[in-house]
Amino acid sequence: MSRLCSSRFERAARKLGWTRIAGIDEAGRGALFGPVVAAAVILNPKRRIVGLDDSKKLTSERRAELRERICEHAVAWAVAEVDAQRIDAWNIYQASRQAMTAALERLAISPDYLLIDAMQLDVLVEQKSLIKGDARSVSVAAASILAKTHRDARMEEWDAVYPQYGLARHKGYATPDHLEALRLYGPTPLHRHSFAPVRDSSCWAVGATQTALPIF
């Protein structure tokens, strides 16, 4: 079956009688720093947004343009985040599900059908899990764009607090320069300490004063 991003899953749901179809996706699941962010979007079938696709395939400029269109034209949208401390307490899979559920609950209009990127949620709403849903469903793609742009903005904010880590560049992911910064400075309180590269860096760090960095 073709996996091009389209509205076929939304059309199929409408043929079965569902009318308020929400796409749900997350961003930052594999990062070492900061929250995992989820978004839920109910698109307006009468207001087509051209160019929706998996946020990872788009440039930051294109994501910003599409974010504005989504927020302007969607029937409803919402974003939620789960912080690093809760990720460490729950594990990233459960934290991602909690972020998705929170985004769903924040929607101004309650959906009657969910399209979710590779996940099932414990909610009493009809739902369909789609592998690589952000590249197959326009609703999930819209959610992926909102989640990604929200999280990237948060990383740029934290870059001003912890400039030595380069968060604005790599957005908290395990790039070579991020791993090197962890080796030199150790983790901040906003790193995910249950993740192996962060946990190991506590032993590698050259300086012992890292934990004195501010918590906001």
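If you line up the long axis of helix 176-185 against the longest principal axis of the chain, both from Cα atoms, how many degrees apart are they, to the nearest 10? Taking Cα atoms only, the helix is inclined about 40 degrees.
Report the Rg/Rh value for the chain, based on alpha-carbon coordinates and the Kirkwood definition of Rh. Don't skip to the end; give the middle numbers.
On the way: Rg = 18.2 Å, Rh = 17.8 Å.
For the chain, the value is 1.02.
Once the Cα atoms are used to define both axes, helix 60-73 deviates from the longest principal axis of the chain by about 40 degrees. Report summary: the helix-based calculation at 222 nm, which adds -39500 (n - 2.57) for every DSSP H run with n ≥ 4 and divides by the residues of the chain, gives -13000 deg cm²/dmol. Specify the residue with the greatest mean-square fluctuation among Pro189, Pro111, Pro163, computed from a Gaussian network of the chain linking alpha-carbon atoms under 10 Å apart. Of Pro189, Pro111, Pro163, the most mobile in the Gaussian network model is Pro163.
The residues packed around Ala31, meaning those with a beta-carbon under 10 Å from its beta-carbon, carry a net charge of +4 if Lys and Arg are +1 and Asp and Glu are -1. Straight-line cross-link reach from Lys128 at under 16 Å between alpha-carbon atoms covers these aspartates and glutamates, not counting any fewer than eight positions away in the same chain: Glu10, Asp25, Glu26, Asp112, Asp117.
Across q = 0.20, 0.25 Å⁻¹, region 164-206 modelled as identical point scatterers on its alpha-carbon atoms has Debye log10 I(q)/I(0) values of -0.50, -0.80, in the order of the q list.
Reported value for region 116-197: 135 Å³ per residue, from the convex hull of its C-alpha atoms. Distance distribution note for region 129-171: the fraction of Cα pairs above 15 angstrom is 51%.
Against the longest principal axis of the chain, how steep is helix 138-161, in degrees 0 to 90 to the nearest 10, with axes from Cα atoms? With both axes taken from Cα atoms, the answer is about 20 degrees.
If you build a Gaussian network model of the chain, linking Cα atoms that sit under 10 Å apart, which residue out of Gly166, Gly30, Gly133 swings the most? Maximum among the listed residues: Gly30.
Determine the distance separating the Cα centre of region 70-99 from the Cα centre of region 114-190; give it in Å without decimals. Comparing the Cα centres of region 70-99 and region 114-190, I get a distance of 9 Å.
Would you work out the charge dipole size for the chain about its Cα centre, treating the Cβ of every Lys and Arg as +1 and the Cβ of every Asp and Glu as -1, and quote it to the nearest 20 debye?
That gives the chain a dipole magnitude of about 860 debye.
Any read-out appearing in this document is the output of simple, stated calculations on the displayed coordinates, not a laboratory observation. Computed from a predicted structure; not experimentally measured. Here the Cβ is made from the backbone with ideal geometry for all residues, glycine too, and neighbour counts use every protein chain on show.
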